[in-house]
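Report on one structure; see the data block that follows.
The values are calculated or read from the model by the stated rules, or taken from the named source; none is laboratory data. The model shown is predicted, which means the values in this text are computed figures rather than measured ones. All Cβ positions, even for glycine, are placed from backbone atoms using ideal geometry, and neighbour counts span all protein chains on display. Ligands, DNA and RNA are excluded from the accessible area calculation, which covers all protein heavy atoms including side chains. Shrake-Rupley method; radii C 1.70, N 1.55, O 1.52, S 1.80 Å.
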Amino acid sequence: MPQPAGVKVEKHCFPVDVRSRRAAAIVPVFLPFSGCPGRCVYCAQDRQTGAHAVRLPVILEEAGRRVEAFSSGDCELAFYGGTFTALDAYERQICLDFLDRMRECGLVRCARCSTRPDALSGTVLDEVRKHGLSLIELGVQSFDSSALARSRRGYDGKTALQSCRAVRKAGFELGIQLLPGMPGSTPELFLRDVDMALAEEPSCLRFYPCLVPEGTVLARWYREGNYRPWPMNETVDTLGRALASAWAAGVPVIRLAVAPEAAFDTSLLAGPRHPALGAMVQARALLHTVECLMREQGGQAVHLELPARCQGFFYGDRGILRRHWERLGLGKDKVAFTSAECGSLYLTS
Ligand code: SF4
């Protein structure tokens, strides 16, 4: 690293892209709308998961094939797409028996499910824990009661918070899903939700920017002019800040957008959807992290080192962030990609 003569330089390390410590791969078992008390205004799980109208035995058979493809056994089974803890008892038993078989064969290391904050009975939590489920992802969406009411979620912020605590108290790892841009939400409110989620010490977060799929109540509200999705710029900037907060707290964010699915994408009326959204958000998070560090520490940027995996997204979509980095004094010649796990910023002191 070139060092200006007679100038003292200090190195500041910062976390980038926190990785989950659970299994190497998640094998999802999608159970669209199973156990849900109704259809949430924005939800199109059937299109989103591509598992529309498929019977449970067929879903599990297909999941078994995908699990067997991971011969290492280092995979995690994940029951997604509905409200697992409110599933019909018979169907839940079939799923848990399947999980038992996969674990006994050494094909699955651990398991998780997603559910609603208002669907956590102590009896069901005991039951799923006995079968080896160790992480529960809560579709919290927001901790703000007015946004939850506007989105007709059917519970309030207090229930959302209490359910996070109940999951951890019952001995599970906690995952929290948030829905930036949901009706009634604002960037400020979402960033507050992220702070509240991080305070609950989750094992992972997911951010699903709110989209407008055809056939939902949200599509009607959108057509009536009663809902406006967040623009792309605002989404990328806000999620970038949120991701930077999660990195700083050491919490992995395991999704930054709904996974690509042809039937879902063709049904979208509006919303911040972009194939490179995750990379764009990571680039923003990196820029935000370095900007904050420079503001806190003062001094001038001399050099920046980043893990090699950041190289692909560093300058953002079509190099849009290049001028921002140059403005910080970090032109191309002052940035290096290395084998380190963390970032290092060298500042004059
Ligand atoms: S958002 Fe969750 S609870 Fe609501 S319908 Fe979709 S899967 Fe069910």
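At a glance:
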read-out: All helices (runs of 4 or more DSSP H) inside region 217-295 with 3 or more residues being in the same structural domain as ASP46 (by TED's automatic domain parsing) and over 19 Å from the mean Cα position of the chain (by Cα); value: 217-223, 262-266
read-out: Identity of the residue in region 1-57, under 30 Å from ASP333 (Cβ atoms) and among the small types (Gly, Ala, Ser), that ends up modelled with the highest pLDDT; value: GLY6
read-out: Some residue of region 24-36 being assigned to a loop (DSSP other than H, G, I, E, B), open to solvent by 50 Å² or more (accessible area, probe 1.4 Å) and near the ligand (Cβ under 9 Å from one of its atoms); value: no
read-out: Top-ranked residue in region 103-121 [being modelled with pLDDT under 95 and not in a loop (DSSP other than H, G, I, E, B); ranked as surrounded by the most Cβ atoms within 10 Å (Cβ to Cβ)]; value: CYS110
read-out: Filtered residues of region 200-251 (kept if polar (S, T, N, Q), surrounded by 19 or more Cβ atoms within 10 Å (Cβ to Cβ) and over 23 Å from ILE136 (Cβ atoms)); value: THR216, THR235, THR238
read-out: Enumeration of residues in region 306-335 that are out of contact with any helix residue (DSSP H, G or I) (no Cβ under 9 Å at 6 or more places or on another chain) and touching a residue at least 40 places away in the same chain (Cβ under 8 Å); value: PRO307, ARG309
read-out: Answer residue from region 125-153, given it is polar (S, T, N, Q) and within 16 Å of the ligand (Cβ to nearest atom) and is surrounded by the fewest Cβ atoms within 10 Å (Cβ to Cβ) among those; value: SER151
read-out: Condition broken by THR85, with the remaining ones in (1) outside any loop (DSSP other than H, G, I, E, B); (2) open to solvent by 50 Å² or more (accessible area, probe 1.4 Å); (3) not charged (D, E, K, R) satisfied; value: (2)
read-out: Close pairs from region 29-41: first more than 13 Å from ARG55 (Cβ to Cβ) and β-branched (Val, Ile, Thr), partner more than 7 Å from the ligand (Cβ to nearest atom) and open to solvent by 30 Å² or more (accessible area, probe 1.4 Å), Cβ under 6 Å, at least 6 apart; value: VAL41/ARG152; VAL41/VAL217
read-out: Selection status of PRO202, away from the ligand (no atom under 16 Å from the Cβ), closer than 26 Å to ASP265 by Cα and of a type outside the set (Lys, Arg); value: no
read-out: Criterion: open to solvent by 10 Å² or more (accessible area, probe 1.4 Å) and part of a strand (DSSP E or B) - qualifying residue of GLN177, GLN162; value: GLN177
read-out: Among (1) in a helix (DSSP H, G or I); (2) under 22 Å from the mean Cα position of the chain (by Cα), the one test that SER146 misses; value: (2)
read-out: Qualifying residue in region 305-315 (condition: open to solvent by 30 Å² or more (accessible area, probe 1.4 Å) and assigned to a strand (DSSP E or B)); value: yes
read-out: Any chance PRO57 is out of contact with any Ser or Thr (no Cβ under 7 Å at 6 or more places or on another chain), open to solvent by 30 Å² or more (accessible area, probe 1.4 Å) and in a helix (DSSP H, G or I); value: yes
